[in-house]
Amino acid sequence: MSDLHLTIEGAVATLRLDNPSKLNSLTVPMLEALDAHCATLERSPEARAVIVTGTGEKAFCTGADITAWGPMAPFDFARHWVREGHRIFDRLARLGKPTVAALNGHAFGGGLELAACCDIRVIAPRASLALPEAGIGIVPGWSGTQRVARLLPEPAVKEMALFGRRIGAERAVALGFCVEIAEDALAAARAIAAKAATLSPRAVEVAKYMIQAGVGEDRAALIEALGSGMIAASADRAEGVGAFADKRKPEFPGR
């Protein structure tokens, strides 16, 4: 059993990192659980919005557990840890439902990269952001130099990754990375998610796809998904499928 749990209450799902003794740092079982939970959420029509948060007040997530990847050989580290983690984070980022990160505490390294996978973020006043990888001789590996760099100005990303500085809650909001500061970040995220859950699920999903395609998030797949959705609703598609089943030549109505 991993320390990353999924609960669905009404129309709102919550993904909770739950190893506060290690500041909610990510392990292999937690990554595997995130992958599985994303698959579950994609196929759960009852879940119309998703919250990602951590247990405790100190940390949302302080990144990858060094004891999980520290002993890995270079090739295994690159192939299994970095690439697999990247793939799983991408899956969260491309989830067809609105996602809110409740930053109940610090979001460092992989934790910041995890928060960046969500559509919007709420931050507690005591929380801060950081990319501290250079302090232990590595570099961001789960989109810290890519997705995070699309969400924050270049100097701010360099400030964290190259100079080891932190960005506090007020500045995170001023820079647009977080939408608001809330003493109870989870409660604020729940209110936001509850509102999202009242909107048209299909309209929200398609709007998310369109925005993601516009900023380059999985653009090729999203263009084909949107086009396929349009053609699937056409009379031509119904005629083509029916003709195939009847073993006859189709007569497309052009609508």
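The values are calculated or read from the model by the stated rules, or taken from the named source; none is laboratory data. Owing to the predicted nature of the structure, the values given are computational and were not obtained by experimental measurement. Note that we place each Cβ from the backbone using ideal geometry, even for glycine, and neighbour counts take in every protein chain shown. Heads up: the accessible areas ignore ligands, DNA and RNA and are worked out on the full protein's heavy atoms, side chains in. Shrake-Rupley method; radii C 1.70, N 1.55, O 1.52, S 1.80 Å.
Show the residues, 5+ positions off or on another chain, whose built amide H is closer than 5 Å to the amide H of Ser25.
Excluding prolines and chain starts, which carry no amide H, the hits are Thr62.
Can you give the angle from 0 to 90° between the axis of helix 219-232 and the longest principal axis of the chain, with both taken from C-alpha atoms, to the nearest 10?
30 degrees
For region 56-65, take each phi angle, set θ = phi - 60°, evaluate the Karplus expression 6.51 cos²θ - 1.76 cosθ + 1.60, and give the result in whole Hz per residue in order, putting x for glycine and proline.
Listing the rounded values in order: x, 9, 7, 9, 6, 5, 9, x, 7, 5 Hz.
Relative contact order (percent) for the chain, with alpha-carbon contacts under 8 angstrom and 6 or more residues of separation?
17 percent
Given a 1.4 angstrom probe, I'd like the percentage of the accessible area of the chain that is carbon and sulfur, rounded to a whole number. Can you show the working numbers first?
Details: 7580 of 12910 Å².
C and S fraction of accessible area: 59 percent.
Take the Cα of Ala221, step 7 Å along the line toward its Cβ, and report every residue of region 122-161 whose backbone nitrogen sits under 17 Å from that point.
Output list for this probe position: 142-143, 147.
Rounded to whole Hz and in sequence order, give me ³J(HN,Hα) for region 30-36 from the Karplus expression 6.51 cos²θ - 1.76 cosθ + 1.60, θ = phi - 60°, writing x for Gly and Pro.
So the J values, rounded to whole Hz, are 5, 4, 4, 5, 4, 4, 5.
Among the GluC sites (Glu not before Pro) within region 145-228, which fall in a DSSP loop and have no more than 13 other Cβ atoms within 10 Å of their own Cβ?
In loop regions of region 145-228 (DSSP not H, G, I, E or B), the sparsely surrounded GluC sites (Glu not before Pro) are Glu183.
When only DSSP loop residues count, what GluC sites (Glu not before Pro) in region 78-134 have their Cβ near at most 10 other Cβ atoms within 10 Å?
none
Skip the ligands, DNA and RNA, and give the accessible area per residue of the chain with a 1.4 Å probe, whole Å². It would help to have the intermediate numbers written out before the result.
Numbers: 12910 Å² over 255 residues.
I get 51 Å² per residue for the chain.
Taking every DSSP beta bridge with both residues inside the chain, roughly what % is antiparallel (nearest 5)?
On the way: 8 of 29 bridges.
Percentage antiparallel, nearest 5: 30.
In whole Hz, what ³J(HN,Hα) sequence does region 126-137 give by Karplus (6.51, -1.76, 1.60; θ = phi - 60°), x for Gly and Pro?
Computed from phi, the couplings for region 126-137 are 8, 7, 8, 10, 7, 10, x, 4, 4, x, 10, x Hz.
With a cap of 10 neighbouring Cβ atoms within 10 Å, and only residues DSSP puts in a loop, list the trypsin sites (Lys or Arg not before Pro) found in region 13-102.
Taking region 13-102 and a limit of 10 other Cβ atoms within 10 Å, the loop trypsin sites (Lys or Arg not before Pro) found are Arg43.
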